[in-house]
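What follows is calculated from the coordinates using simple rules that are stated; it is not laboratory data. Note that this is a predicted model, so its numbers are computed, not measured. Please note: Cβ atoms are built from the backbone with ideal geometry, for glycine as well, and neighbour counts cover all protein chains shown.
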Amino acid sequence: MTDRRSFLTAAGLAAVTVGTGLGASGCAKPVQIGTGATRATIPAADVPVGGGVVLTDARFVVTQPSPGVYRAFDRTCTHQDCPVKRVEGGGISCSCHGSRFSLEDGSVLAGPATRPLPPRTVTVRGDQLDLAP
Ligand code: FES
């Protein structure tokens with residue numbers, strides 16, 4: 001059985017661990033992505049040509065590099081696991097440390113990330129896009 005002092009000590013250590021958030025590299029490691037849905041369906045019209053969208057309630061970033069060509073990737077940055085923030089200026093951007101990824105294949109355009117965003121399956125079904133692992 002846990003007494004009150006042991007519980008408070010454990011809770012305090014957990015708070016310190018969460019509060020510092022320092023990664024092994026010593027870089028600040030912002031809040032990590034939670035568990036989002038691993039399947040989703042979105043309107044194709046939500047994905048602009050030459051751009052894309054980062055879903056907030058599912059683990060995807062979806063792009064349309066050219067008309068009618070859709071790509072999906074895991075939205076978790078491969079640097080230190082922040083969710084990528086937005087699709088802008090022809091790339092997918094992570095605001096935590098500035099990494100950028102290709103709309104076409106998720107490859108790294110700018111570090112510090114060194115690995116591409118993992119591809120995900122996107123299937124066009126009428127005017128909808130089905131997203132899956
Ligand atoms: S987590 Fe560092 S650039 Fe994305």
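Tabulated values for the structure
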| quantity | calculated |
| --- | --- |
| Extension gain (nm, one decimal) between Arg115 and Asp130, 0.36 nm per residue minus Cα-Cα | 2.9 nm |
| Length-normalised contact order for the stretch 44-94 - Cα pairs under 8 Å, 6+ apart - percent | 29 percent |
| Tail beyond 19 Å, pair distance distribution of the stretch 25-132 (Cα, percent) | 37 percent |
| Lys, Arg +1 and Asp, Glu -1 on Cβ, resulting dipole of the stretch 25-132 about Cα centre, debye, nearest 20 | 240 debye |
| Over the stretch 25-132, relative contact order from alpha-carbon pairs under 8 Å, at least 6 apart, % | 26 percent |
